[in-house]
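Encoded as structure tokens, the structure appears first; notes follow it.
Coordinate-derived values only; no laboratory data. Just so it is clear, the structure is predicted and the values come from calculations on it, not from any experiment. Note: ideal-geometry Cβ built from the backbone for every residue, glycine included; neighbour counts use all protein chains shown.
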Amino acid sequence: MEKLYVEGKRGLRGELVCHGAKNSVLPILAACAVTGQEVLLHNCPALTDVDISLQILAHLGCECRREGNDVAVDAGTLCCAQVPQPLMLQMRSSIVFLGALTARCGEACLTYPGGCDLGARPIDLHLDALRALGAQVTEEHGLISCSAPEGLRGASIALYFPSVGATENILIAASRARGRTVLTNAAQEPEVVDLARFLNACGANISGAGESTIVIEGVEDFHPCEFTVMPDRIEAVTFLAAAAITGSVLTVHKTDVDSLRAVLPIFLESGCQVTCQGDSVSLRAPERLNGVKMIRTMPYPGFSTDAQALVMAMLATAKGTSVFVENIFENRYKHAYELNKMGANIKTEGRMAVVEGVEGLTSCPVTATDLRSGAALLVAGLAAEGVTEIGHIFHIRRGYQSLWDDLNSVGAKIEQRD
Ligand code: EPZ
């Protein structure tokens with residue numbers, strides 16, 4: 001089993017570059033299936049979740065090739081509308097193939113998806129939306145079957161919560177449906193906007209992505225396209241949190257600065273100096289951070305739930321108390337337990353976590369329980385006394401192309417050993 005060994009108390013200094021966004025490229029790869037075209041994606045990060053998407057596409061009959069961070073997909077050869085359970089269980093985003101396959105093939109048979117364990121993650125919004133678009137959906141023996149032999153038809157759909165995945169499934173399915181779909185209370189995340197940009201680049205007709213109401217005029221024909229995936233905003237937060245907790249100076253290039261607007265004020269409040277120029281963010285951290293009054297995770301443009309664990313790790317050694325309220329997932333504080341093993345003082349109760357900043361953390365063996373918790377432990381390890389051992393690092397690989405190599409290039413000392 002591979003583990004990370006993070007030597008603490010080393011300052012970081014230098015420049016890092018963000019990779020393509022995991023949460024953008026995954027629905028885009030699923031959307032390739034609906035277009036049935038040749039697609040060339042640039043800035044496609046090398047992540048295990050991306051490998052799974054490519055395996056699903058290959059299983060469906062598509063041809064996929066990777067050269068560095070370019071990935072070519074030919075979805076013209078797609079000949080299957082079923083995704084087997086071992087592939088579905090590898091990640092949450094596998095469910096986005098449901099809309100793509102139903103729209104493209106008139107049928108789809110999938111199982112329930114896997115993904116990070118953050119509490120209950122139902123898919124009722126996805127299934128209800130496909131029903132609204134005219135598909136017959138059945139759930140039996142763990143199989144989800146969708147059937148729309150005459151094709152999908154546009155509809156008015158109102159989500160009771162702006163689910164990212166459901167919005168993505170709807171954009172993809174409705175882009176090939178007959179007629180107009182009007183989606184209200186849609187997710188406004190930048191990755192949803194990137195997906196709409198991709199689909200439009202392939203010939204779809206989607207307007208309003210990034211706002212609460214999205215209008216999708218279904219089209220019959222798509223065309224080949226070349227597309228560059230947006231930068232990963234959570235990778236940027238990870239780099240900045242690493243710099244902040246170690247009292248360092250760091251510049252992160254190729255970021256989407258606008259997508260960071262809910263997180264950067266937290267760094268400012270904690271005492272960091274932050275400068276944005278073009279697509280770069282520079283951070284200069286004080287010797288010790290200040291606690292932050294209240295962080296509430298919200299759908300975009302609010303503070304992202306994916307940044308919660310990273311910022312919590314960063315504030316574990318801040319002066320004063322920080323309070324978190326997790327509003328998106330029912331159980332996303334597992335990292336708090338691991339951080340406490342390192343000497344942090346974090347109390348959680350339901351959706352709330354109270355972080356009493358401690359003078360310092362000490363190293364000990366800890367376990368990544370999901371993707372962002374793993375990255376948060378790495379951030380904490382950078383500031384801890386001694387060498388922190390992190391297990392289950394496969395979680396981290398799902399969402400970061402080269403996190404420890406990147407941090408090592410600016411002064412960290414992180415080793416990966418069996
Ligand atoms: C996406 O997950 C991201 N994953 C998550 O990234 C991210 O945390 C999340 O959006 C919120 O921003 C990908 O993009 C692959 P949701 P998703 O549907 O689509 C409830 C990371 O670390 N809900 O917006 O699964 C649900 O239970 C991760 O990169 C329903 O009730 O998130 C949750 O409470 C992990 N019914 C809330 O909505 C549904 O049918 C948000 O879920 C769907 C969702």
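Given the chain, what count of lysine pairs have C-alpha atoms under 19 Å apart, with each pair 8 or more places apart or on different chains?
11
Could you go through the stretch 291-300 in sequence order and give the Karplus-derived ³J(HN,Hα) for each residue, using 6.51 cos²θ - 1.76 cosθ + 1.60 with θ = phi - 60°, rounded to whole Hz, and x for Gly and Pro?
Working through the residues one at a time gives x, 10, 3, 8, 10, 10, 6, 8, x, 4 Hz.
Once each part is reduced to its C-alpha centroid, what is the distance from the stretch 141-201 to the stretch 1-35 in angstrom?
26
Between Lys347 and Arg13, what is the label-to-label distance in nm when each label sits 7 Å out along the Cα-to-Cβ direction?
Going from the Lys347 label point to the Arg13 one covers 4.1 nm.
Where in the stretch 195-233 does the amide nitrogen come within less than 15 Å of the point 7 Å from the Cα of His42, taken along Cα to Cβ?
198, 225-231
May I ask which residue of Thr317, Ala336, Val257 lies farthest towards the positive end of the charge dipole of the chain, with charges of +1 (Lys, Arg) and -1 (Asp, Glu) on Cβ and the Cα centre as origin?
Of Thr317, Ala336, Val257, it is Thr317.
Choose one answer from Glu235, Glu140, Glu15: the residue with the largest mean-square fluctuation in a GNM of the chain with alpha-carbon springs under 10 Å.
Glu140
Roughly how many Å is it from the Cα centre of the stretch 44-105 to that of the stretch 359-396, as a whole number?
Here the two parts' Cα centres lie 31 Å apart.
Please report the spacing between the Cα centers of the stretch 297-352 and the stretch 240-267 in Å, no decimals.
Here the answer is 17 Å between Cα centres.
What is the Cα convex hull volume of the stretch 340-418 when expressed per residue in Å³? Please report the intermediate quantities before stating the final value.
Details: hull volume 8.3 nm³, N = 79.
It comes to 105 Å³ per residue, whole-number rounded.
Stretched out fully, how many nm does the piece from His223 to Val325 gain, at 0.36 nm a residue minus the Cα gap?
Values: separation 102, 0.36 × 102 = 36.72 nm, distance 4.43 nm.
Taking 0.36 nm per residue and subtracting the Cα distance, the gain is 32.3 nm.
If I model a spin label at Cys80 and Glu269 as a point 7 Å from the Cα along the Cα→Cβ vector, what separation in nanometres do I get?
Between Cys80 and Glu269, the simple spin-label model gives 4.9 nm.
Run the dipole for the stretch 38-136 about the Cα centre, Lys and Arg Cβ at +1, Asp and Glu Cβ at -1, nothing else charged, and hand back the magnitude in debye, nearest 20.
With Lys and Arg at +1 and Asp and Glu at -1, about 200 debye.
With only alpha-carbon atoms counted, please give the Rg and Dmax of the chain, in Å.
Expressed in Å, the Cα Rg and Dmax of the chain come to 21.3, 65.
Kindly write out, for the stretch 314-331 in residue order, the coupling ³J(HN,Hα) from the Karplus curve 6.51 cos²θ - 1.76 cosθ + 1.60 (θ = phi - 60°), rounded to whole Hz, with x marking Gly and Pro.
Karplus values, whole Hz, x for Gly and Pro: 4, 8, 4, 10, 6, 7, x, 10, 10, 10, 10, 10, 8, 9, 9, 10, 7, 9.
So what is the relative contact order of the chain, in percent, for Cα pairs below 8 Å that sit 6 or more residues apart?
Working: 1083 pairs, mean separation 84.7, N = 418.
The value is 20 percent.
Among 186-195, 153-162, how do they line up by average Cβ neighbours within 10 Å per residue, starting with the highest? Mind dumping the intermediate values first?
Working: 186-195: 24.7, 153-162: 15.9.
Peptide ranking by packing, descending: 186-195, 153-162.
Can you compute the FRET efficiency between Glu287 and Thr184 using 1/(1 + (r/R0)^6), with r the Cβ-Cβ distance and R0 = 41 Å? Round to the nearest 0.05. Numbers along the way, then the final one.
Numbers: r = 48 Å, r/R0 = 1.18.
Once the sixth-power term is evaluated, E becomes 0.25.
Between Ile214, Ile245, Ile144, find the one with the highest GNM mean-square fluctuation for the chain; connect C-alpha pairs within less than 10 Å.
Evaluated over the chain, the most mobile residue of the options is Ile144.
What are the extents of the Cα atoms of the stretch 131-279 along their three principal axes, in Å, largest first?
60, 37, 25
Just to be sure I understand the model, the point goes 7 Å from the Cα along the line to the Cβ. What's the resulting Met294 to His141 distance in nm?
For Met294 paired with His141, the spin-label model returns 5.2 nm.
Using helices alone, what [θ] at 222 nm do you get for the chain, with -39,500 (n - 2.57) per DSSP H run of 4 or more residues, divided over all residues and rounded to the nearest 500? Can you show the working numbers first?
On the way: 14 runs with 129 residues, N = 418.
The helix contribution divided over the chain gives -9000 deg cm²/dmol.
Report the extension gain between Val215 and Leu89 in nm, rounded to one decimal, defined as 0.36 nm multiplied by the number of residues separating them, less their alpha carbon distance. Write out the running numbers ahead of the final one.
Details: separation 126, 0.36 × 126 = 45.36 nm, distance 3.13 nm.
Stretched fully, the Val215-Leu89 segment lengthens by 42.2 nm.
For Phe394 and Gln277, calculate 0.36 nm times their separation in residues minus their Cα-Cα distance, and state this gained length in nm to one decimal.
Numbers: separation 117, 0.36 × 117 = 42.12 nm, distance 3.40 nm.
Stretched fully, the Phe394-Gln277 segment lengthens by 38.7 nm.
Expressed as a whole percent, how much of the Cα-Cα distance distribution for the stretch 1-134 exceeds 18 Å? If you can, show how the numbers build up before the last one.
On the way: 5230 of 8911 pairs.
Cα-Cα pairs in the stretch 1-134 separated by more than 18 Å: 59 percent.
With everything on Cα atoms, drop me the angle between helix 48-59 and the longest principal axis of the chain, reported from 0 to 90° to the nearest 10.
Relative to the chain, helix 48-59 is tipped by roughly 20 degrees.
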